[in-house]
Amino acid sequence: MAPALAQIRVPSPQADRLPSACTRLDWPPEAKRYELEGTTVLDYRIKEWRIADVKVRKGSGWPILDAAAVRSLQACKLKTDAAQPRESAVRTVDYVWAGAAGLSARPQLHPDSCAPSAQVRGFVPLDRTPTAADGVLVRFLTNGRGEPFNIRLEGRITDNALAEHIRQYVQGCRFVAANVPGPKTDAVYGRVLLAAPGK
C-alpha cells in the first residue's frame, strides 16, 4: 500500500500556515497490514506558535488511524515568525488515509459458512459501524484456505467471555478470494451482529 495522503480542509490562507510536514504521515504498520482507510477530521488551535487542543471531530472508523493523526499533528513544529499566528481560533484539518493505487478487493464471505450461535446473529462484511450494544466491529486476515486469523475487535468490550466468543465465531467463518480484476488483499473487516439479550 502506498504512503498515506493527507489533505488540508481549512481555507487556503489558513492552510498555508500549517507546514507540509504536518500533513505527511505513514500508516501505523498494523493499520497498513490490514489496509485500513478512511478520513480523520481534527480540530486544533495555535497557541504560542504551537499546535494545541487537538481533538477528533470525526473519526475514520479506525481508532488506530485517528490516534496516529492526532500524534502527527501534536508533533508539528511551527516557525515563530510573523507569518505564523501566535494565537488562533479553532481550525480543522483532514487526514485522508487512502492508497494511491485505490482500494484492493477484499475476500468475500462464503455463504452459510459461519456456525450458528446463540449470541451472534451473523457477520456483515465491509460494515464499519462502530462497536455498540448490537454489534462489534472486527478486522482480521485470511490464509490460503480462507480461514480468519489475527482477529482484532475494535472498540471497548468489557465482557471477556463475549469477546472470546466473537473471535471463535469469526474463526469459524470461511472466505474466498474476490473474483474481480485488479489488486487483491487478504485483509477483511466487518461487523459481528449480536443477538438481543434473552433471545
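Give me Rg over Rh for the stretch 90-177, both radii from the alpha carbons and Rh done the Kirkwood way, two decimal places.
Ratio of gyration radius to Kirkwood radius: 1.03.
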- Message: Compute and list, largest first, the equivalent-ellipsoid semi-axes of the stretch 138-199 from the alpha carbon gyration tensor, each √(5λ) rounded to a whole angstrom.
- Response: 26, 12, 11
- Which lysines does residue 79 reach when only Cα atoms under 21 Å apart count, and residues fewer than 8 places away in its own chain are ignored? 47
- Listed peptides 152-165, 63-76, 46-59 by packing density, highest first (mean Cβ within 10 Å): 63-76, 46-59, 152-165
- Item | Spin-label pair residue 74/residue 57, simplified geometry with 7 Å Cα→Cβ offset, distance in nm | 2.0 nm
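Report the full-extension gain for the segment residue 152 to residue 110: residue separation times 0.36 nm, less the Cα-Cα distance, to one decimal in nm.
Gain on stretching residue 152 to residue 110: 13.1 nm.
What is the dipole size for the stretch 75-188, taken about its Cα centre, with +1 at each Lys and Arg Cβ and -1 at each Asp and Glu Cβ, in debye to the nearest 20?
So the magnitude is around 300 debye.
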- Once the in-chain neighbours fewer than 8 apart are removed, the lysines whose Cα is under 16 Å from residue 32 read 184
- First obtain the Kirkwood hydrodynamic radius of the stretch 86-132 from its Cα pairs, then insert it into the Stokes-Einstein equation at 20 °C and 1.002 mPa s, and state the resulting D in µm² per second as a whole number. 135 µm²/s
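Bear in mind these aren't lab numbers, they're just calculated from the coordinates by the rules spelled out. All of these numbers come straight from a predicted model, not from anything done at the bench. When we count neighbours, we look across all protein chains shown, and the Cβ atoms used for this are built from the backbone with ideal geometry, even at glycine.
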